[in-house]
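Each remark here refers to the structure printed beneath this line.
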Amino acid sequence: MPRQEGNGIDLIFHANTESGKTDDLQNDPDINLGFLNNAGEWASISGKADIVTDRDLVHKYYSPALKAWIGDLGDGKHDGGPEDPRVCLIRVNAKTAQYAVSKRTSVGGFVEFAKGVATGETPSVNKLRYLDDKELQQWRSQAK
Amino acid sequence: MSLARTSRQTLRCAHLATNRVPRISSSSSALLKQTLTSPFNSTSSRHNNTFYRNFRTTTSIMSFSNTNVENADPYKSKNLENPELEDKVGDLIAFVEKCKFCMMGTRTSDGLIVSRCMALAGKVRQFQHTQLPNTKLSKHKTTKLAAYTN
């Protein structure tokens, strides 16, 4: 299970330093994270990423499941473990976030949607929200 | 072309000529404020609402329009809300945790935007732009990335 700390807004991902994504982020740290579920709820987080290879932090967030993704090269060093130099973290410093999650049950949302189709009246079914950099900074500053 | 539309376009041109409203960085609250008070904001009350105008996938000024009616995006008008920060962040984090997976979009060296599925590994509250040691890296990606300025 992924390790989670606090109630943070800055997200952490595992990666292989030899993969394309680290090349991309080396050239341009701009990053977007798009979350979506099958109900059509979504979130988009934009920010800057950095690649973390500090072994203490890698250990902190390491998951044994990574071995399956990173692979053991059989040389005793590149074994997919927390000391494997290929194992790194991608840390995303969120700058803006926007999302839409449902404010109604699926049945209620469908009723509103059906009414909208019939009447041309756009339904109010989602919590459509925006967080700017200032708000995210404020949130971080409130962290204990 | 209607008078209203002509006036709006004139205002846009004037505004561009004075270079007062460039594309803004999301990290610049001063520029953000300047943008939000742009004279070519829509005249509707919704569009004059700072929060309403903020919600878009880019922080640059909207430049494409194919109509001159007000409140032409009723979905946004009906659904946009601005609760307390705790609720806004809390609901976002809850949704992200529930999803667990996301598409991570990056820009390749040839300028294209690409994405791939990634699993969330964790969250941090305090993000510090400290340069972390990377002595075990076979390449210099981390150092270069830390040195990147945008």
Review point. Quick check: is even one residue across segment B:116-132 modelled with pLDDT of 85 or more and either more than 8 Å from chain A (Cβ to nearest Cβ) or at positive phi (or both)?
Key: yes
Check your understanding: How many of the residues in segment A:25-53 are touching a Lys or Arg at 6+ places or on another chain (Cβ under 7 Å), among the acidic types (D, E) and assigned to a loop (DSSP other than H, G, I, E, B)?
Key -> 1
Check your understanding: If a residue has to be within 7 Å of another protein chain (Cβ to nearest Cβ) and crowded, with 21+ Cβ neighbours inside 10 Å to count, how many in segment A:15-36 make the cut?
Key -> 9
Check your understanding: Given the structure, is A:I12 part of a strand (DSSP E or B), within 7 Å of chain B (Cβ to nearest Cβ) and β-branched (V, I, T)?
Key -> yes
Exercise for review: For A:I90, indicate whether it is assigned to a strand (DSSP E or B), more than 7 Å from chain B (Cβ to nearest Cβ), buried (at least 16 other Cβ atoms within 10 Å of the Cβ) and not small (G, A, S).
Suggested key: yes
Study note, to complete from the structure: Checked against (1) touching a strand residue (DSSP E or B) at 6+ places or on another chain (Cβ under 7 Å); (2) within 30 Å of B:L80 (Cβ to Cβ); (3) in a helix (DSSP H, G or I), A:K115 satisfies every condition except (1)
**Study point:** Residues (surrounded by 15 or more Cβ atoms within 10 Å (Cβ to Cβ) and among the aliphatic types (A, V, I, L, M)) located in segment A:37-75
**Key:** A:A43, A:I45, A:A49, A:I51, A:V52, A:L57, A:V58, A:L66, A:I70
Practice item. Kindly indicate whether B:S63 is more than 10 Å from every other protein chain (Cβ to nearest Cβ) and either under 19 Å from B:G122 (Cβ atoms) or out of contact with any Ser or Thr (no Cβ under 6 Å at 6 or more places or on another chain) (or both). Key: yes
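Can you tell me which residues in segment B:86-106 are facing chain A (nearest Cβ under 7 Å) and under 28 Å from A:A68 (Cβ atoms)?
B:I93, B:F95, B:V96, B:C99, B:C102, B:M103, B:M104, B:G105, B:T106 - these are the residues of segment B:86-106 that are facing chain A (nearest Cβ under 7 Å) and under 28 Å from A:A68 (Cβ atoms).
The values are calculated or read from the model by the stated rules, or taken from the named source; none is laboratory data. Since the structure is predicted, the reported quantities are computational estimates derived from the model, not experimental observations. Methodologically, a virtual Cβ is constructed for each residue, glycine included, from the backbone with ideal geometry; neighbour enumeration extends over all protein chains shown.
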